[in-house]
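Chemist: Could you have a look at this structure, given as structure tokens, before my questions?
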Amino acid sequence: MPDTITTRYSPLVPQDMLDEIFLKDAREPEDARLWVPNGPGRWSRPLCLNVSQGYWVHLVKVTVGGVVSRHRHPAPVHGFVLEGRWRYLERDWVATAGSYLFEPPGDVHTLVVDDGDSMITLFHNTGALLYCDEQGKTVGSTDVFDRVAAARKHYEAVGLGADYVKRFIR
Ligand code: FE
């Protein structure tokens, strides 16, 4: 007998499986407090903060033009642009809605949003992001644990509670 749309396979799920994350309003949350501030005109909306494998998936929103960051990636990044436009100083292309990007380990670049532009981009970052000065010297870093800490602090400050971040942690 063929499967029907009503067939449910829940009994087959292994008991040690982690909870899924489903965010119906990921791009435009009803509650704007979900956007974690990350500098003037910059926000990060956590989608999956994966402390067990050391990566994070988030939406980056930039609403003010300027240099967002110069950084090196010791591990790969995937990006998908949802709206707006941005570029890397080191590249000829401009990322716009619908653009996909793979940033290989070792890549160093300077993310810029030009004056008058804005953007929302989904990034899947693995490991860490190393901030660099103009000579390429590492001057700071961020990893999934920093992202968890920043979200926890923000959610507590805006009244959602420090534990709100836990729904994004796996
Ligand atoms: Fe990058």
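A short reminder: the numbers here are calculations on the coordinates, not readings from a lab. Keep in mind that this is a model prediction, so the values were computed, not measured. Glycine gets a Cβ as well: all are built from the backbone with ideal geometry, and neighbour counts include every protein chain shown.
Chemist: Residue under question is Glu20, and the condition is that it be part of a loop (DSSP other than H, G, I, E, B) and surrounded by fewer than 14 Cβ atoms within 10 Å (Cβ to Cβ); does it hold?
Modeler: It is true that Glu20 is part of a loop (DSSP other than H, G, I, E, B) and surrounded by fewer than 14 Cβ atoms within 10 Å (Cβ to Cβ).
Chemist: Of the residues that make up the stretch 135-157, is at least one in contact with a Lys or Arg (Cβ under 6 Å, 6 or more places away or on another chain) and touching a residue at least 60 places away in the same chain (Cβ under 8 Å)? Walk me through it before giving the result.
Modeler: Pass one, the stretch 135-157, residues in contact with a Lys or Arg (Cβ under 6 Å, 6 or more places away or on another chain): none.
No, the conditions are met nowhere in the stretch 135-157.
Chemist: Could you tell me whether Arg27 is in contact with a strand residue (DSSP E or B) (Cβ under 7 Å, 6 or more places away or on another chain), assigned to a strand (DSSP E or B), surrounded by 10 or more Cβ atoms within 10 Å (Cβ to Cβ) and basic (Lys, Arg)?
Modeler: no
Chemist: If you don't mind, another one. Could you run through the stretch 62-73 and say how many residues are in contact (Cβ under 8 Å) with a residue 60 or more places away in the chain and either away from the ligand (no atom under 14 Å from the Cβ) or surrounded by 20 or more Cβ atoms within 10 Å (Cβ to Cβ) (or both)? Steps first, please.
Modeler: Filtering the stretch 62-73 down to residues in contact (Cβ under 8 Å) with a residue 60 or more places away in the chain leaves 69-72.
Add one more test, that the residue is either away from the ligand (no atom under 14 Å from the Cβ) or surrounded by 20 or more Cβ atoms within 10 Å (Cβ to Cβ) (or both), and what stays is 70-71.
Final tally of qualifying residues: 2.
Chemist: While we're on this one: What's the number of the only condition in (1) exposed (fewer than 14 other Cβ atoms within 10 Å of the Cβ); (2) away from the ligand (no atom under 13 Å from the Cβ); (3) not acidic (Asp, Glu) that Leu89 fails to meet?
Modeler: For Leu89, the failing item is (2).
Chemist: Here is a further query. Suppose we keep only residues that are assigned to a loop (DSSP other than H, G, I, E, B) and touching a Lys or Arg at 6+ places or on another chain (Cβ under 9 Å) within the stretch 118-134. Which one would you say is surrounded by the fewest Cβ atoms within 10 Å (Cβ to Cβ)?
Modeler: Glu134
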